[in-house]
Amino acid sequence: MKAHNYRSIRGQLYTREKYIHGAPDTRLVKFVMGEEKPDYNLEITLNANETMLMKDNALEAVRVSANRNLGKLLGSDYLFRIIVYPHHVLRENKMMTGAGADRLQEGMRRAFGKRVGRAAALKRGQPIVSVKTYAENEGKVRRLLKIAASKVPKGAYVDVHPL
C-alpha cells in the first residue's frame, strides 16, 4: 500500500506493544542533534497543518533534511529535537493481484493485517520538531524548516517563540 492510505486517523490507535508481538522498530535514528547551550534565546518549531498520521520514514526524512542543512549553515549553534514519537503500529492486509491470485488469498477472512510500520499521530498545530538557536539565525532556520516541511504528508508551518 502507498503512504497516502495511512495519512488519516481512522479508528483507535494501535499502540500497546505489550500485546503486539513482533512490532516493527522505528526507523528514526536520533531524536536530539546539535549542541545544548544555556544561552539560546530563540526556539523555532515546525507544526502540523492538520490532524494526521506521519510515518516514521517521513519523520526520518525531516530529520535528515533539517539536520544536514542546519549543520552546514550554523555549525554547532543549534539544538534540534524531534518532539513526536511514532507509537502507532500500522497494519496491512496484503492482497495479491493478477490472474489466478483469487486462489491464493482469503479476502476479508481474518483481515486484521500484519504489522508493516509505525506512525506518529499528530493533531492540528502540534509541534513536530523544534530548533533552539540564537536570534540572528532566525531567517536561516525558518528557510531550512520550510524545506523540511515539504516532507510532512499534509504540510506544516513554522512558528517562532522567544526564550
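When GLY75 is tested against (1) in contact with a Pro (Cβ under 8 Å, 6 or more places away or on another chain); (2) loosely packed, with under 12 Cβ neighbours inside 10 Å, only condition (1) is not met.
If the condition is being of a type in the set (Lys, Arg) and outside any loop (DSSP other than H, G, I, E, B), then segment 67-99 contributes ARG68, LYS72, ARG81, ARG91.
Residues that are among the β-branched types (Val, Ile, Thr) and more than 15 Å from ILE82 (Cβ to Cβ) within segment 1-48 comprise ILE9, THR15, ILE20, listed in sequence order.
Among the residues of segment 47-56, are any more than 13 Å from the chain's Cα centre (by Cα), assigned to a strand (DSSP E or B) and among the small types (Gly, Ala, Ser)? The answer is no, given that none of the residues of segment 47-56 is more than 13 Å from the chain's Cα centre (by Cα), assigned to a strand (DSSP E or B) and among the small types (Gly, Ala, Ser).
No value in this document is a laboratory result; all are computed from the given coordinates. These numbers come from a predicted model, not from an experiment. Note: ideal-geometry Cβ built from the backbone for every residue, glycine included; neighbour counts use all protein chains shown.
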